[in-house]
1. Can you name every residue in region 104-131 that is at pLDDT 80 or above, open to solvent by 30 Å² or more (accessible area, probe 1.4 Å) and small (Gly, Ala, Ser)?
2. Could you name every one of the strands (runs of 3 or more DSSP E) located completely within region 15-103 that has at least 1 residues being aliphatic (A, V, I, L, M), at pLDDT 75 or above and within 21 Å of residue 118 (Cβ to Cβ)?
Amino acid sequence: MIDQPSITIDHGTYVPVAIYYEASDSVEYLREDAACVYRRIDETLTLALEMESRTLVGFRLKGFKNFYLRHLNQKHQGQENFLKLVTVLEEALELIGNRIFVDSNIADAYQNAYRIASEDQVMLKNMPRVA
C-alpha cells in the first residue's frame with residue numbers, strides 16, 4: 001500500500017499533512033490536492049509546482065532521516081513525536097549557507113519552501129524511528 005500525502009475526510013475535503021516516506025527517506029508536503037510538476041533544487045530540496053499555473057504548492061525534503069540523525073536529533077531529544085518542518089529548513093539553510101551566495105536560485109527555493117512551512121505551520125507528526 002502506498003502512503004498518500006494527504007488525508008481525505010468527509011465529502012472529499014483535502015487536509016494537507018506532511019508525510020514521511022521510509023522507502024525514499026523523504027518528507028513531502030502539498031498544501032493543495034493538485035497534479036504537480038516537481039523541480040529539483042539540490043540533493044535535499046525539491047519544489048512541487050501546480051501543473052497548470054506553476055504555482056508553488058509544496059516541497060519534498062530528501063535524505064530526511066540521515067539529516068535528522070546528523071543535525072537535529074541531539075537538539076530535539078526528549079520532545080514529543082513531532083517536528084516543525086520550519087526547524088528542518090532553518091537547519092538546512094544554515095548548513096548550505098555558502099552555496100546561497102553562489103546561486104540565488106537555491107536561496108529563493110529554500111525561502112519559498114520555508115514560507116509555505118511557516119504559513120501552514122507544517123508539522124511532521126509521525127517521525128521516523130531513529131533506533
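The values are calculated or read from the model by the stated rules, or taken from the named source; none is laboratory data. Computed from a predicted model, the values in this text were never measured in an experiment. Here the Cβ is made from the backbone with ideal geometry for all residues, glycine too, and neighbour counts use every protein chain on show. Heads up: the accessible areas ignore ligands, DNA and RNA and are worked out on the full protein's heavy atoms, side chains in. Shrake-Rupley method; radii C 1.70, N 1.55, O 1.52, S 1.80 Å.
1. 118
2. Numbers: elements: 19-21, 26-30, 36-40, 45-50, 56-62.
Output list reads 19-21, 26-30, 45-50, 56-62.
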